[in-house]
Amino acid sequence: MNVLIIEDNLDLSELLIKQFSQNGFFVFHAANGKLALEVLKQERIDFILSDIQMPVMNGFEFLLAARSEFGPEIPIYIMTSSDLYAEKELYAAGANGLYKKPLNINELLKQI
């Protein structure tokens, strides 16, 4: 399974990449939504885990762009530590689920 992690925090990115890789996933990484869209154009991705607050293109903007360009086929889950966007707003934009930070990575992996 190919996973795309969109996260600008280097420490969290490295932790997620390590955990997903150790559990048999092939992991792609992008530091913002704009870079993530480029990955989606080049790779077959089965699951996306995206932060919401990032520079250049945030997670909400990415969600809207990804759904517009690639449709609803790829599950997109949003990680957030703030209430910048309401859950209702994120689901309406096409999110498949939300995870609050700090993440319980073991629980996340079980759900995937």
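Classify the range 5-112: rounded, prolate or oblate, from the alpha-carbon gyration tensor (a ≥ b ≥ c, eigenvalue square roots; a/c under 1.5 rounded; otherwise prolate if a/b is larger than b/c)? Judged from the Cα gyration tensor, the range 5-112 comes out rounded (a/c under 1.5). Listed by chain and number, the aspartates and glutamates placed with their C-alpha closer than 16 angstrom to that of Lys88 are Glu61; residues fewer than eight positions away on the same chain are left out. Ligands, DNA and RNA left out, the accessible area of the range 1-97 computed with a 1.4 Å probe is 51% carbon and sulfur. Under the criterion of Cα pairs below 8 Å and six or more residues apart, the relative contact order for the chain equals 24 percent.
Determine the per residue accessible area of the range 1-88 with all protein chains present and a 1.4 angstrom probe, expressed in square angstrom. Spell out each step's value before the answer.
On the way: 4540 Å² over 88 residues.
Value returned for the range 1-88: 52 Å² of accessible area per residue.
Backbone geometry of the range 61-66 corresponds, through the Karplus equation with coefficients 6.51, -1.76 and 1.60 at θ = phi - 60°, to 3J(HN,Hα) couplings of 4, 4, 4, 4, 5, 5 Hz, x marking Gly and Pro. Near Asn9, once Lys and Arg are set to +1 and Asp and Glu to -1 for all other residues with Cβ below 11 Å from its Cβ, the sum equals -4.
The values are calculated or read from the model by the stated rules, or taken from the named source; none is laboratory data. Since this is a predicted model, take the numbers as computed values, not measurements. Counting neighbours? That spans all protein chains shown, and the Cβs are built from the backbone with ideal geometry, glycine included. Calculation scope for accessible area: heavy atoms of the full protein, side chains included, ligands and nucleic acids excluded. Shrake-Rupley method; radii C 1.70, N 1.55, O 1.52, S 1.80 Å.
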